[in-house]
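The values are calculated or read from the model by the stated rules, or taken from the named source; none is laboratory data. All of these numbers come straight from a predicted model, not from anything done at the bench. Using ideal geometry, Cβ is built from the backbone for each residue, glycine included, and neighbour counts are taken over all protein chains shown.
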Amino acid sequence: MDYIEPLYRPPSEARSLIVQVTNGCSWNRCSFCDMYTQPQKRFRLKPQAEIDTELAAVAAAGRPIRRIFLADGDAMTLSVRRLRLILTSIRRHLPEVQRVASYCLPRNLHHKSVGELEELRSLGLSLYYVGCESGDDLILDRVHKGETFDTSLAALQKITAAGAKSSVMILNGMGGTRYSEQHALNSARLCNAAQPDYLSTLVISFPLGTARYEAGFNGTFEPLDQPGLFREMYQLLDALDLQKTIFRSDHASNYLVLRGTLGKDKAELLSRVRAAIERPDGANLRAEWQRGL
């Protein structure tokens, strides 16, 4: 495969073949994201002929492929026509593939109908990783996400209506000390309304510094310390009313690793977070050197 690096994928796609159908992100304005800021990551679509050639080469290698992840960060900005061509090519060259997944910005689905998403699902695209980040409109505006509670919910509901699955990502610490509670409560409100199949939390990180992020808060952003992150996580979990959502807070950015199904494991998860707040020395937390973006 011919990749333009760096290349990112969700942790759960570690065993998937990464097919880079776009480079970078067409939006690329979120102040919390430095993933696609390098000159070589300027957004562009990969020509279909190149994708076909790469898939044919993978097929010729004879390695069985069960799952595919469409990269980069904004593959779903492609038209339904282009996605149809890609998925059809995957089926032709790699008929053993059982699942195709992609990152998805809520805006990517605004002009795609439920019927079109149903068609894409029938061709194999059945899982969308939706970076909602927060359910709070003020915070989404401050970080230049270009989305709102309503646009995020509309996209998630459209995915569900099409019979596909959604994996929602929320960023712990996104509102800093001032907006921590409303970030947690409104993010829970979004998830309760959408009932996603999967929910994961990451801790907001600034590998290239905080200046760009702080500018959206007019210099008033104060990051949460470790206890503050745990308190925010507790508020989020406590406010969640999910029926059968698989929950993961095990990304490398997290101090406290949490796994379970909401709601049956809610009490246990809350107990573990409470223990981390009250007795951090005995909570088996990741050391700072073990964490990463």
Only one residue in Gly135, Gly146 is assigned to a loop (DSSP other than H, G, I, E, B) and crowded, with 24+ Cβ neighbours inside 10 Å. Which one?
Gly135
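Please tell me if Ala75 is within 30 Å of Arg259 (Cβ to Cβ), in contact with a strand residue (DSSP E or B) (Cβ under 6 Å, 6 or more places away or on another chain) and small (Gly, Ala, Ser). I'd like the intermediate steps shown before the answer.
Details: within 30 Å of Arg259 (Cβ to Cβ): yes; in contact with a strand residue (DSSP E or B) (Cβ under 6 Å, 6 or more places away or on another chain): yes; small (Gly, Ala, Ser): yes.
When the stated conditions are applied, Ala75 passes them.
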For the stretch 112-127, name all the residues that are hydrophobic (A, V, I, L, M, F, W, C) and either farther than 14 Å from Arg67 by Cα or in a helix (DSSP H, G or I) (or both).
Val114, Leu117, Leu120
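Go over the candidates Ala14, Ala57 one by one and state the one that is more than 30 Å from Ala211 (Cα to Cα) and either modelled with pLDDT under 95 or surrounded by 13 or more Cβ atoms within 10 Å (Cβ to Cβ) (or both). Spell out the reasoning first.
Numbers: Ala57 fails: either modelled with pLDDT under 95 or surrounded by 13 or more Cβ atoms within 10 Å (Cβ to Cβ) (or both).
Selected residue: Ala14, the only one of Ala14, Ala57 that is more than 30 Å from Ala211 (Cα to Cα) and either modelled with pLDDT under 95 or surrounded by 13 or more Cβ atoms within 10 Å (Cβ to Cβ) (or both).
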For residues that are without any contact (Cβ under 8 Å) to a residue 60 or more places away in the chain and either closer than 23 Å to Gln182 by Cβ or hydrophobic (A, V, I, L, M, F, W, C) (or both), tally how many sit in the stretch 254-293.
18
Which numbered condition Val114 fails, given (1) touching a residue at least 40 places away in the same chain (Cβ under 8 Å); (2) within 30 Å of Ile90 (Cβ to Cβ); (3) buried (at least 17 other Cβ atoms within 10 Å of the Cβ)
(3)
Per the list (1) surrounded by 15 or more Cβ atoms within 10 Å (Cβ to Cβ); (2) of a type outside the set (A, V, I, L, M); (3) over 22 Å from Gly115 (Cα atoms), residue check on Pro64 breaks on (1)
